[in-house]
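Okay, so here's the structure we're looking at.
Every read-out reported here was derived from the displayed coordinates using simple, explicitly stated rules and does not represent laboratory data. If you're wondering where the values come from, they're calculated on a predicted model, not measured in any experiment. Methodologically, a virtual Cβ is constructed for each residue, glycine included, from the backbone with ideal geometry; neighbour enumeration extends over all protein chains shown.
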Amino acid sequence: MSFLNGKPAKEAIEDSILESLLERDAKMCDTWDRNAALSLAFGVKSELSQDEVEEVKNYVNDLKDEELLLNNKIKVQFIKGDVKERKNKALLIFRYKYLEGL
């Protein structure tokens, strides 16, 4: 299984954030303040293959505190991220914050 699936790092990360947001929204209790709950910073972890590490690492390094627009309507802030490598395994770990549009 590949994180990028033939996509550029930018698109794969944005898809990962969108998937995370939709999953969080679906699991949310009806009594919660939806925007308040979604706007808490949230972490995502994804395994990377060794051939994806450099592309993802280079893209993530440029993203700190950047606002991203997903699907031309959902605004999130990419807080920080990094690729951790250990024993021939690579893991992308990043945090984002929902701003508006869902």
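The convex hull of the Cα atoms of the chain, projected and averaged over all directions, covers 6.6 nm². Comparing Val56, Val76, Val44 in a Gaussian network model of the chain where C-alpha atoms under 10 Å apart are linked, the largest mean-square fluctuation is found at Val44.
A run of the chain free of exposed loop cleavage sites, with trypsin sites (Lys or Arg not before Pro) counted only in DSSP states other than H, G, I, E and B and at most 14 other beta carbons within 10 Å, reaches its longest extent at 1-63. On the beta carbon distance between Asn61 and Ala41, with R0 = 25 Å, the FRET formula returns roughly 0.85. The residue list Asn71, Ala36, Asn58 was ranked by how far each Cα lies along the charge dipole of segment 9-100 toward its positive end, using unit charges on Cβ atoms, and Ala36 comes out on top. DSSP assigns beta bridges within the chain; of those with both partners inside it, close to 100 percent run antiparallel. In order along segment 60-65, the Karplus-derived 3J(HN,Hα) couplings, from 6.51 cos²θ - 1.76 cosθ + 1.60 at θ = phi - 60°, round to 5, 4, 8, 9, 3, 6 Hz, and Gly and Pro are given as x. Straight-line cross-link partners of Lys64 among the aspartates and glutamates, defined as a Cα under 13 Å from its Cα and at least 8 positions apart when in the same chain: Asp82.
In this structure, Val53 and Glu100 have a Cβ-Cβ separation that, at R0 = 41 Å, corresponds to a calculated FRET efficiency of about 0.80. In a simple Cβ point-charge model (Lys, Arg +1; Asp, Glu -1; nothing else charged), the chain has a dipole of about 340 debye relative to its Cα centre.
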